[in-house]
Each structure stands twice: as C-alpha cells, then as structure tokens.
1. Among the residues of segment 144-159, is any surrounded by 16 or more Cβ atoms within 10 Å (Cβ to Cβ), out of contact with any Leu (no Cβ under 9 Å at 6 or more places or on another chain) and either assigned to a loop (DSSP other than H, G, I, E, B) or at pLDDT below 65 (or both)?
2. So the check is Cβ under 7 Å with 6+ separation or different chains; which pairs have a first residue in segment 42-56 that's within 16 Å of PHE236 (Cα to Cα) and a second one that's assigned to a loop (DSSP other than H, G, I, E, B)?
3. Restricting attention to segment 372-380, does a residue exist that is open to solvent by less than 70 Å² (accessible area, probe 1.4 Å) and outside any loop (DSSP other than H, G, I, E, B)?
4. Quick check on segment 262-277. Is at least one of its residues more than 30 Å from THR51 (Cα to Cα) and either polar (S, T, N, Q) or under 23 Å from the mean Cα position of the chain (by Cα) (or both)?
5. Take segment 90-106 and flag every residue that is more than 17 Å from PRO160 (Cα to Cα) and either open to solvent by less than 10 Å² (accessible area, probe 1.4 Å) or in contact (Cβ under 8 Å) with a residue 40 or more places away in the chain (or both).
6. Going by what's in this entry, would GLY351 be described as modelled with pLDDT under 95 and of a type in the set (Gly, Ala, Ser)?
7. Determine if segment 40-55 includes at least one residue that is open to solvent by 50 Å² or more (accessible area, probe 1.4 Å) and farther than 25 Å from SER275 by Cα.
8. Determine which single condition ARG302 fails, assuming it passes every other condition in (1) crowded, with 17+ Cβ neighbours inside 10 Å; (2) at negative phi; (3) part of a loop (DSSP other than H, G, I, E, B).
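The values are calculated or read from the model by the stated rules, or taken from the named source; none is laboratory data. Computed from a predicted model, the values in this text were never measured in an experiment. For neighbour counting, all protein chains shown are included, and Cβ atoms are generated from backbone atoms with ideal geometry for every residue, glycine included. Please note that ligands, DNA and RNA were not included when accessible areas were found on the heavy atoms of the full protein model with its side chains. Shrake-Rupley method; radii C 1.70, N 1.55, O 1.52, S 1.80 Å.
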Amino acid sequence: MPLPQAGERPTVYADRVGAWYVARQSDQQRKAHGLYLTPVLVADFMARQITVDGPTLRVLDPAAGAGVLCCAAVEALISHTPKPQTIELVVYEVDEQLTVLLHTVLDYLATWCSGRGVTLTAHVSTTDFILAHAEALRLFGAPVLSRPKERGFDLVIANPPYFKIGKADPRATAAAGVVHGQPNIYALFMAVSAALLGERGAFLFLTPRSFASGPYFRQFRTIFFDMIRPTTVHVFGSRRDAFSRDEVLQENVIVCGLRQDRWHESIERLVISSSRGIRDIEEAARRAVPLHTALDLAAVDRVLRLPICDTDDAALALVDAWPSSLHRLGLRISTGPVVPFRATALIDKEGLVPARHVPLLWMNHVHAMQITWPLDRHKPEYIARTGAEPLLVPNKNYVLLRRFSAKEEARRLTAAPYIAADFALPAVGLENHLNYIYRPDGTLSEDEAWGLAALYNSRLLDTYFRVVNGNTQVSATELRAMPLPAGETIITLGRRVKRRADPLSDLDPLVMSLVASPAPKEVAVGER
C-alpha cells in the first residue's frame with residue numbers, strides 16, 4: 001500500500017490509499033459495500049462547513065472508507081481558532097480488508113495532529129453501524145428525555161453507502177418506523193447519526209437527494225426535520241460529475257444542519273449553494289432563502305425544495321398559487337400495468353393488430369407531445385389480446401408520461417397525448433415505465449389531453465419539478481400532488497396547441513400567456 005509522503009495532508013494520503021484499494025476491487029465488491037470514495041475537493045468543501053468548537057470534541061464517521069472525510073474534518077477542526085485540545089474520533093467500516101488500511105491512515109492522522117499540539121484518539125469498528133445502534137433507530141424522533149444520557153457526538157460527517165435492502169433484512173426491520181417499503185440504506189445512516197448527535201451537534205452528509213421528496217421517505221422526513229435544522233444544502237447540477245471517478249450516476253446533495261430539537265418556532269434561513277460538479281465547487285453560487293419556503297413544516301409531505309436561482313423562485317410562486325390538481329379535476333394517475341418479465345408469454349416483437357394483438361407502448365415510444373409506434377426495434381411492441389386482458393387499458397384518451405429521466409436531458413418531464421381516435425383498437429398495453437393520466441368515470445376530452453401534455457412539457461413545470469423532486473423517477477405520487485391551473489385554462493391551452501403543425505413551437509410563451517393571467521373560458525371538460 002502507499003506510504004505517506006513528507007508533509008502530505010492526511011486527507012490527500014487517505015485519498016491515495018483509497019484509490020489504490022478501489023483499483024484492486026471488482027465492480028461487484030464495490031457495489032456490495034457501496035464503496036464510492038469521497039473526492040478530496042468535496043471532502044474539503046464539506047469540512048469548511050463545520051462550525052462546532054470546543055476543547056474536547058467527539059467526531060463520528062459511520063462509513064469511513066479510507067478515511068478521506070474524517071481526515072478532512074479533523075484538519076478543519078484544527079484550523080479553527082481556538083483549536084481543540086483533544087479529538088475523539090469514532091469510525092465504522094465493515095470492509096475488514098479496508099479497515100487494515102484505515103488504521104494506517106488514522107495512525108498517520110494522529111501523528112499529524114500531535115505535531116500541531118492536538119491529541120487524537122481513534123476508535124475503528126468493523127461492526128455494522130446500523131445494527132450496532134438499532135436502539136438509536138427506535139429512539140429516532142423520541143422525546144429528548146427518553147434518549148440515552150451519555151454525551152452525544154459534536155459532529156457527524158459521512159458519505160454513506162447507498163443501495164436498497166430487502167424488507168427481510170434485519171436493518172430494514174430495525175428501521176420499520178423510519179422509512180417505508182424497501183429502504184435505501186443511506187437513510188438509515190442519516191437517521192442513526194442524527195439520533196447520536198448531541199444538542200447543537202453538526203450534521204454533514206453527502207447523500208442522494210431522493211430523501212428530500214417522495215412517499216418512501218415521508219416518515220423519515222417527518223422525524224428527521226424535527227431533530228435536524230438544515231442550515232446549508234449544496235446541489236450538484238450534474239448526476240455524473242460528482243463521482244465521475246467511480247462512474248456513479250446519482251443526484252447528490254450535501255446536507256448540513258444542526259441537532260436542535262424543537263427548532264420550528266425560530267425564524268431561520270437556508271443557504272443553498274450549487275455547482276455543476278466537483279471541478280467548479282470552489283466557485284459554487286450561494287443564496288439564502290427563508291427556510292419555511294424551502295421546507296414547509298406544516299405540510300404532510302415535508303418536501304425539501306431547493307430553488308437555486310430567481311427563476312426557480314418565480315416558478316414555485318406561480319405554480320403554488322394554481323387552484324387545481326389532478327384530483328380536483330376528477331383525474332387519476334397510475335403506472336403502466338405491463339411488467340415485461342412477468343408477461344413474456346403475452347408479448348412479442350411481431351403481431352397482428354387488432355385481430356390478435358394491440359400495441360405495447362414503452363418509454364421510448366413516448367416523446368414530447370408525440371407517440372411513435374411501432375419503432376421496429378429490439379423490444380417487443382405487441383401484446384396479445386387474449387390472456388392479457390387484466391394488463392390492458394381501454395382505448396380512451398390519456399396523457400402518457402415517462403417515469404424516468406436523465407437530469408442532463410433538456411426536460412425532466414416528457415409527456416404526450418394519447419388520442420383514442422388515432423388508434424382503431426379495443427385496448428392498449430402500457431409498460432411499467434410509463435405513467436398515464438385518465439378520467440376514471442369517463443374519458444379526458446381531446447383538449448384536456450393536449451392541454452395537460454403541453455403543461456407537463458413546458459419549461460415552467462419542468463423547472464418546478466426540478467426544484468421539488470430529487471429522484472431519477474418521475475413518480476405518480478409527486479405528479480398527483482403537483483398543482484395545476486384551472487380546468488378552463490388547460491382546455492384553452494389544449495385547443496390552441498393541437499391546431500399547430502408543431503405543438504412544441506413557442507410552447508413556453510403560450511403556456512406563460514395563459515397561466516400568468518386569466519384565460520378565456522372555453523367549455524369542454526371531459527366526455528362522460
């Protein structure tokens with residue numbers, strides 16, 4: 001393994017050791033441990049957010065890896081004035097081979113600290129952090145008086161692993177009251193770490209943004225934001241750039257906060273910084289917003305919204321003021337019922353439509369304001385009429401939306417009107433990576449289908465969605481909660497868009513002209 005160089009920073013040494021170790025692991029080994037090492041630039045950026053001080057400090061890194069983050073944190077603490085006299089560092093790492101290297105890195109860190117007049121004691125544990133603190137999960141969000149009396153940590157800093165764990169996993173069982181369904185393990189690291197912090201302790205995590213919205217993390221957010229007051233959130237604009245060395249495709253944020261029980265009555269501001277990736281993180285743009293505009297504590301979902309510019313603020317203000325929603329319009333949204341690997345006997349690359357088959361629409365059939373079928377590609381595009389009846393939907397007017405997107409795409413939301421009159425069919429198959437909007441007791445009018453599709457393809461709703469959603473998935477739950485303009489406005493928009501040769505031409509100015517001022521009333525709501 002590499003040896004430290006003369007005068008080398010412990011953080012840089014930890015990064016060299018980590019890169020050396022990762023280069024000798026297979027992709028399967030790295031994924032099994034969620035081993036994605038923190039780049040030095042990111043570690044230093046996070047460490048600069050640390051504000052805790054004191055003569056004796058307790059620091060926790062629950063997923064230490066090669067020690068990059070905890071080394072950066074200790075270096076930052078020693079740069080403070082006054083600097084601490086002693087630091088107790090507690091780290092966890094389940095990869096036993098990596099812990100051998102971690103011991104070497106922390107020995108070097110202790111020597112480096114000693115040379116600067118600070119005593120560092122490091123404790124390395126190879127036990128599973130979540131299971132070792134299952135009791136903390138039970139106490140997560142419990143009243144202060146019921147928590148353990150021992151001194152909490154002054155600082156927790158982490159880049160936790162992220163992968164889903166099965167419902168039968170003992171860690172999922174321990175976290176049943178924290179997250180819903182098949183949990184992602186990073187949220188359990190956040191929960192336990194928050195519970196182990198002392199009052200006014202600092203919380204710094206590099207995590208996926210998905211915890212900030214969506215139904216799976218609703219219970220987590222409810223409890224977490226009762227304990228942690230967010231102070232700064234950094235948003236990476238690219239899903240690829242933050243961990244390009246490890247070829248990770250993930251939307252990441254750095255969450256900084258303070259353990260402050262019952263903080264809700266205070267008037268606070270949230271600093272939101274942003275960069276495209278790590279190469280420009282030193283020039284990150286920063287802005288402060290009222291915390292209540294980013295995190296509505298009175299709302300059931302407690303979504304953490306992250307507007308990074310004035311345009312985002314304007315989109316939030318405009319869309320939040322809209323009076324309607326899918327539910328208020330009498331509409332529903334569902335996920336396509338055809339799961340291909342469960343229906344292999346019913347789907348085919350060739351078919352006889354409509355005698356024996358109907359179209360099976362996938363994500364790649366749906367483009368902005370347009371459905372193109374068939375594509376004659378490698379995927380099966382036909383589904384049998386006989387035997388697949390429970391999987392088919394009636395041939396009615398719908399709005400189809402892709403469920404997944406890449407953040408680097410021009411739009412996160414991609415929608416198209418499905419007009420029944422264009423298809424002489426009894427039914428149609430919708431693959432599971434599509435969402436579809438429908439009227440359960442009738443059908444959407446063509447104007448409604450065109451108008452809704454136009455809205456979802458507009459820059460305005462795309463901007464709104466980016467601010468409130470941090471997931472790679474465009475979930476039906478979040479679309480269900482999204483405000484919409486009045487039904488008359490949607491109808492007017494649809495009527496105008498469908499007359500155009502190119503429905504996308506000047507779509508954004510048209511949308512803004514209708515939603516920024518009252519639209520003329522045109523009646524054509526639904527066909528029952």
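1. No, because not a single residue in segment 144-159 is surrounded by 16 or more Cβ atoms within 10 Å (Cβ to Cβ), out of contact with any Leu (no Cβ under 9 Å at 6 or more places or on another chain) and either assigned to a loop (DSSP other than H, G, I, E, B) or at pLDDT below 65 (or both).
2. VAL42/ILE278
3. No, that holds for no residue.
4. Step one: of segment 262-277, the residues more than 30 Å from THR51 (Cα to Cα) are none.
Scanning segment 262-277 turns up no residue that is more than 30 Å from THR51 (Cα to Cα) and either polar (S, T, N, Q) or under 23 Å from the mean Cα position of the chain (by Cα) (or both).
5. Of all residues in segment 90-106, those more than 17 Å from PRO160 (Cα to Cα) come to 97, 100-101, 103-106.
Those that are more than 17 Å from PRO160 (Cα to Cα) and either open to solvent by less than 10 Å² (accessible area, probe 1.4 Å) or in contact (Cβ under 8 Å) with a residue 40 or more places away in the chain (or both): GLN97, LEU101, THR104, VAL105, LEU106.
6. Details: modelled with pLDDT under 95: yes; of a type in the set (Gly, Ala, Ser): yes.
Answer is yes for this residue.
7. As a first pass, look at segment 40-55 and keep what is open to solvent by 50 Å² or more (accessible area, probe 1.4 Å): 41, 48, 51, 53, 55.
After this cut, where a residue has to be farther than 25 Å from SER275 by Cα as well, the list is 53, 55.
Scanning segment 40-55, I find at least one residue that is open to solvent by 50 Å² or more (accessible area, probe 1.4 Å) and farther than 25 Å from SER275 by Cα, so the answer is yes.
8. Result: ARG302 fails condition (2) only.
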